[in-house]
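Undergrad: Mind having a look at this structure? Questions to follow.
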Amino acid sequence: HTSARDPNSIGPARDSLKPPTTMSYGPSRGSRGGGGRSSHPYSRGGDRRGDYEEEVIEISTNRLYVHNLSWRVSWQDLKDHFRQAGEVIHTKILTEGPGGRSKGCGIVEMDSVDSAANAVEMLNDTELQGRNILIREDREDNGGGGGGARR
């Protein structure tokens with residue numbers, strides 16, 4: 001007696017064992033959802049040993065540079081926003097010209113390096129007055145104008 005099913009045919013019984021088909025259109029940039037191997041929004045694909053290593057934030061100073069600020073943001077707004085992450089010592093909005101118009105960036109000085117690292121982790125790419133702010137370690141030494149001879 002022979003089976004009614006041909007073992008070489010692909011019928012509904014065999015298809016039901018396959019996982020559902022998913023379409024992939026390459027890596028998604030800036031996705032916030034889970035899934036996928038590299039879901040970190042700033043991942044550039046360099047070191048692929050694991051997502052954990054890509055997300056390590058190394059901060060060595062308590063001073064942070066904040067950019068992509070709305071021109072309406074005041075030093076007080078910036079201070080209030082950063083208080084979520086720790087004690088804020090000082091904030092400054094960088095300005096230009098005789099009218100003192102905001103350059104859209106500022107400096108935040110936290111009470112410790114740990115508070116600064118916490119602020120980057122908690123507040124980077126969060127909304128402040130309609131714009132997503134971006135935060136990095138301040139590269140200037142005590143706000144000095146940059147340049148000059150190294151000692």
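Undergrad: So, counting K/R as plus one and D/E as minus one, what does the shell of residues with Cβ under 14 Å around K92 add up to? Write down the numbers at each step before the final one.
TA: On the way: positive: R63, K79, K103; negative: D77, E96, E109, D138, E140.
Around K92, the charge tally is -2.
Undergrad: Follow-up question, since we're still on this one. Near the amide H of T126, under 5 Å away, which other amide H atoms are found, from residues 5 or more places off or on another chain, if H is placed in the peptide plane?
TA: The answer is I133.
Undergrad: Another question, if that's okay. Using the Karplus curve 6.51 cos²θ - 1.76 cosθ + 1.60 with θ = phi - 60°, work out ³J(HN,Hα) for each residue of the stretch 79-94 in order, rounded to whole Hz, and write x for Gly and Pro.
TA: 4, 4, 5, 6, 4, 4, 9, x, 6, 9, 8, 7, 10, 8, 8, 7
Undergrad: For the stretch 119-130, what does the Karplus curve 6.51 cos²θ - 1.76 cosθ + 1.60, with θ = phi - 60°, yield as ³J(HN,Hα) per residue in whole Hz, taken in order and with x for Gly and Pro?
TA: Values per residue, Gly and Pro as x: 5, 4, 5, 7, 10, 4, 6, 9, 7, 9, 6, x Hz.
Undergrad: Using 7 Å Cα-to-Cβ label points, what is the T95/W75 separation (nm, one decimal)?
TA: So the label points at T95 and W75 sit 0.9 nm apart.
Any read-out appearing in this document is the output of simple, stated calculations on the displayed coordinates, not a laboratory observation. Just so you know, these numbers come straight off a predicted model, no measurement behind them. Note that we place each Cβ from the backbone using ideal geometry, even for glycine, and neighbour counts take in every protein chain shown.
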